[in-house]
Structure formats: structure tokens, C-alpha cells
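The values are calculated or read from the model by the stated rules, or taken from the named source; none is laboratory data. Treat the numbers as computed from the prediction; the structure is a model and nothing was measured. Neighbour counts are summed over all protein chains in view; Cβ atoms, including those assigned to glycine, are modelled from backbone coordinates with ideal geometry. When the accessible area is computed, the model is the full protein with side chains, heavy atoms only, and any ligands, DNA or RNA have been set aside. Shrake-Rupley method; radii C 1.70, N 1.55, O 1.52, S 1.80 Å.
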Amino acid sequence: MAGILPARITKVIPDSIAAEIGFEAGDAIVAINGTPPRDLIDYKFLCSDEFLELEVLDAKGKTHHIEIEKDYDEDLGLEFETALFDGLIQCNNRCPFCFIDQQPPGKRSSLYLKDDDYRLSFLYGSYLTLTNLPEREWRRIEQMRLSPLYVSVHATEPDVRVRLLKNPRAAQILEQLRWFQERRLQIHAQVVVCPGINDGKHLEQTLRDLTSFYDGDVPTVASIAVVPVGLTRFRPAEDELIPVSREKAQEVIAQVRSLTQEFRRQFGSNVAWLADEWFLIAGEELPSEAEYEEYPQIDNGVGSIRLFLKQFAETAAELLPAKIDPPRKLTWVVGNAVEKAFQPILESLNSVEGLEVKMMALASDYWGQAISVTGLITGHDLLLNLQGQDLGAGILLPQVMLKHGELVFLDDMSVEEVARQLQTKIFPVAGVEELINTCITDSVSV
């Protein structure tokens, strides 16, 4: 990690304490009560006091000392350019299925950053392996009770996990889980299934080992997501990985469902859940809404389709009119993995008189996949499939295709560039309400 840099402010929330004091974007916090914050976690912890002494560096490089008296836990109203002020804890594993290593060279540098940072796990639910943590970071997790964390387990048998992560420290996973257990801290676990390596009896062993930590009133392992390995045409030739076939997906579904029935009898919960992709690859019906319980692994694609369908039905009942005028025609682009599952949404939208929505369910030529989730469709794929098509008033583009906070696809093409080449408007939509409103509102701007 690099040294601690001043925490650069990108936004001051209107009517906040910071706005009243006169903070501006471009200012930076050097220290709070004499302590330089390492990251957003430190910042929030230090700012919870009622009396604050801030050392601030303004955009012109001048230092200011500011005293603030406020209510305990009251937020200052600042946002920062990054959550980490001392740099990223990077990953030194060489997992053959790592998406970072399955990308072509020459794209933006941020696409190649391998993070294994417990702080991003705590703040945003990203997964880490626990193999890259120095002792001082373990102590900090304990002292600040940073829980839950999200952990890529993949296998609990030491030799299998070492084979997957290509790191001898990967063998310590059960010992590390006991460390969390002793301190009453929680994790959510992920198992990426690689056929021929950690499936079959190894997958059963992993799930049984992990559910042995589903104990007490604060289960150490709060949930487990079982995810199929995703492969691209850019992956290293010697990676020993096999794509998940329809037959393998059906086999894993049957195996995990058998185990979760047992877990449900024993624990009153499934504990482990299959990612939606298994059912899409297998061509099987998605589980019912009740099976997902509280959706503990929603950000890992576990139940996200079922939840989206439910939210759409509820929101459509409120927002979707019987008729729109003037008439409107749009093209909705999704990954072909969800083509069948999203038919009820398409039918509902097209039941509105005057509205015509055409679904384009694409496989990703860019990644070399026959079945693609929506988040992996790129600008290249849109240009390849939509050139010369009648796209109506424009393209409904799910925001999951874009880099967080930017109008850029995973292949580095911008939304603006794709819209220009296709000579159409592109409407990025996040969530159900935005999807519906964009369909029924004529005066939508790009």
C-alpha cells in the first residue's frame, strides 16, 4: 500500500455542516483530531465524535485548521474521490478464473487492478480471499469489528484451495474462519465452481465445512453463494478450466438442492444458494421467491432475476398506464441469459397501447460467450448486433453494462461513441422505476 494521502473531496452535500462551513470540491482532509484517516472507515469513525479538529488542505494548497461542534454521529456531508486514502490492498493470488486475467490488454488501467481489500469488502460487499492480509490488518478488523466481510472461499480442503488460488496461504481458510468465530464476526462466503477441480465431492465437503460455522445467534458464515465459473476467450490457454455445460449445471443444481434441503431441516435456513446463472445455463425454472429468504447474496446474482420480476410487477401496477400518446418504440438490450426470464416484463410493457418495446437478447462476441449475463454486454456487442436495425426512439440500456459512475462499457467504448455509430439515442436505466418511466415518457433526455 502507498502512504496516506489527504482525503480529496469530490462533492459537498447541500445544506450539510460542510456546506455551511464553506467546504468545496477539491479540498482535502489531512487529519481529524490529529489522526490522518486511512480510508472511509477511519473517516466515519473519527467523525462520529461531537468535537472535531480538522486539518484541511484547500484546492490552492493552503492549510486550514477548523473546529466543529456537532451532534454525535451527525454526518459532515462530504463525498470523496475514493474510499481508500492509502491505496488498494492488491491481490497476489493467481486464480485461473480471475476475471481480471481474462481481459484483453490495452484497456483502461483500472480494469487490471486486482483488489483483495477487506475495506472494500466491508464497505461495498466485494469479495476477498483473506490471503493478502498482514497481521496489523487482522488486528484492525478485530478492533473496529468490521463485519460482515465477503470471502471467496471456493474450497475448504487445503490442497484444492491452494490449487485454485495458486497461493500456499490459501490453505489456512478453516483456521481463518475459526478466527472470525472466536470473535463473533461474520462473513458471507462465495464458492466459484470450476468443473473437474472443486465440484462433486469437493463441493459437498466445502458446503458441509462452511455450514458447520452456521452456529449460534450470530452465525460465523451467514450465507453461501454457489456461482458457476465464467470464462472468456481471452483467458490463458494453460488455465486447466472447463466451461460449465448444461449437464454440469443440472448436476450442480440437483446436488446443492439436495444439500440445502438437509440444511433447512437442520438450521431452519438454506444457508447456501445457487446463483441465477446455474438455472439459465441448465434451462431450468428459477426458484420461487420464498426460497431466497432475505436475499442475503443478492449482489452475487443470487435471486436478482426473481427480485427484479417482483419489483417490476409491483411498480408496473402503480406506474404503467393503459395507453401512451404519442406512440413510442424502443429497443431493450439484455444478455441472452435472461431472454426467457424477462418475457413477462416484455409482455407487460407491450400491453400498453402506443408502446412497442423490442427485446434484443445478445450473446457477447467480445468475450466469446454463447450465453451472456447482461452486465458483460459491451459496446462492441451492441455495434455488432444492432447496426442497420430499426431501434425506434432509442436503446434502453441496463446500467449494469457500464463502469460504475461512468458512461463507459467494459470494453472501454463510451455510450456516446456507440450512440453516434448507431445513430440513435441511448437511455441508461438503473432499476425498475427508471425502466418504466423511460418507456412511457416521451421527453427523456440522454
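If you scan the range 41-58, which residues turn out to be surrounded by 12 or more Cβ atoms within 10 Å (Cβ to Cβ) and farther than 28 Å from D117 by Cβ?
If the condition is that a residue be surrounded by 12 or more Cβ atoms within 10 Å (Cβ to Cβ) and farther than 28 Å from D117 by Cβ, then E53, D58 are the ones that fit.
Just checking, does the range 283-306 include any residue being open to solvent by 10 Å² or more (accessible area, probe 1.4 Å) and part of a strand (DSSP E or B)?
no
For the structure I just gave you, tell me whether W278 is over 21 Å from M360 (Cβ atoms) and crowded, with 20+ Cβ neighbours inside 10 Å. Give the steps one after another, and end with the answer.
Numbers: over 21 Å from M360 (Cβ atoms): yes; crowded, with 20+ Cβ neighbours inside 10 Å: yes.
Spelling it out, W278 is indeed over 21 Å from M360 (Cβ atoms) and crowded, with 20+ Cβ neighbours inside 10 Å.
Counting only residues that are outside any strand (DSSP E or B) and either under 30 Å from S245 (Cα atoms) or in contact with a Lys or Arg (Cβ under 6 Å, 6 or more places away or on another chain) (or both), how many does the range 213-230 have? Quick ask: steps written out before the conclusion?
First pass over the range 213-230, keeping only residues outside any strand (DSSP E or B): 213-220, 229-230.
When the remaining residues are screened for being either under 30 Å from S245 (Cα atoms) or in contact with a Lys or Arg (Cβ under 6 Å, 6 or more places away or on another chain) (or both), the result is 218, 229-230.
Of the residues in that region, 3 qualify.
Scanning for something under 22 Å from K323 (Cα atoms), open to solvent by 10 Å² or more (accessible area, probe 1.4 Å), at pLDDT 95 or above and part of a strand (DSSP E or B), does the range 394-403 turn up at least one residue?
No; the residues of the range 394-403 include none that is under 22 Å from K323 (Cα atoms), open to solvent by 10 Å² or more (accessible area, probe 1.4 Å), at pLDDT 95 or above and part of a strand (DSSP E or B).
Which one of these is over 20 Å from the mean Cα position of the chain (by Cα) and within 19 Å of E277 (Cα to Cα): A393, A363, A419?
A363
Could you look through the range 31-51, keep only residues that are in a loop (DSSP other than H, G, I, E, B) and among the polar types (S, T, N, Q), and pick out the one that is modelled with the highest pLDDT?
The residue in question is N33.
Would you pick out the residues in the range 175-200 that are among the charged types (D, E, K, R) and either over 25 Å from L231 (Cβ atoms) or in a helix (DSSP H, G or I) (or both)?
Taking the range 175-200 as the starting set, the residues that turn out to be among the charged types (D, E, K, R) are 175, 178, 182-184, 199.
Within the range 175-200, E175, R178, E182, R183, R184 meet the criteria.
Given the structure, is A18 of a type outside the set (F, W, Y), assigned to a strand (DSSP E or B), modelled with pLDDT of 90 or more and open to solvent by less than 20 Å² (accessible area, probe 1.4 Å)?
So A18 fails the test.
Could you tell me which of the residues R8, R38 is open to solvent by 50 Å² or more (accessible area, probe 1.4 Å), touching a residue at least 24 places away in the same chain (Cβ under 8 Å) and basic (K, R)? Break it down stepwise before answering.
Details: R38 fails: open to solvent by 50 Å² or more (accessible area, probe 1.4 Å).
Just one listed residue meets the conditions, R8.
Got a number for residues in the range 337-375 being at pLDDT below 90, open to solvent by 30 Å² or more (accessible area, probe 1.4 Å) and part of a helix (DSSP H, G or I)?
Of the residues in the range 337-375, 0 are at pLDDT below 90, open to solvent by 30 Å² or more (accessible area, probe 1.4 Å) and part of a helix (DSSP H, G or I).
Residues checked against (1) in contact (Cβ under 8 Å) with a residue 12 or more places away in the chain; (2) under 17 Å from A316 (Cα atoms); (3) of a type in the set (S, T, N, Q):
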| position | (1), (2), (3) |
| --- | --- |
| P344 | yes, yes, no |
| M359 | yes, no, no |
| I377 | yes, no, no |
| L383 | yes, no, no |
| I395 | yes, no, no |
| V400 | yes, no, no |
| L407 | yes, no, no |
| T424 | yes, no, yes |
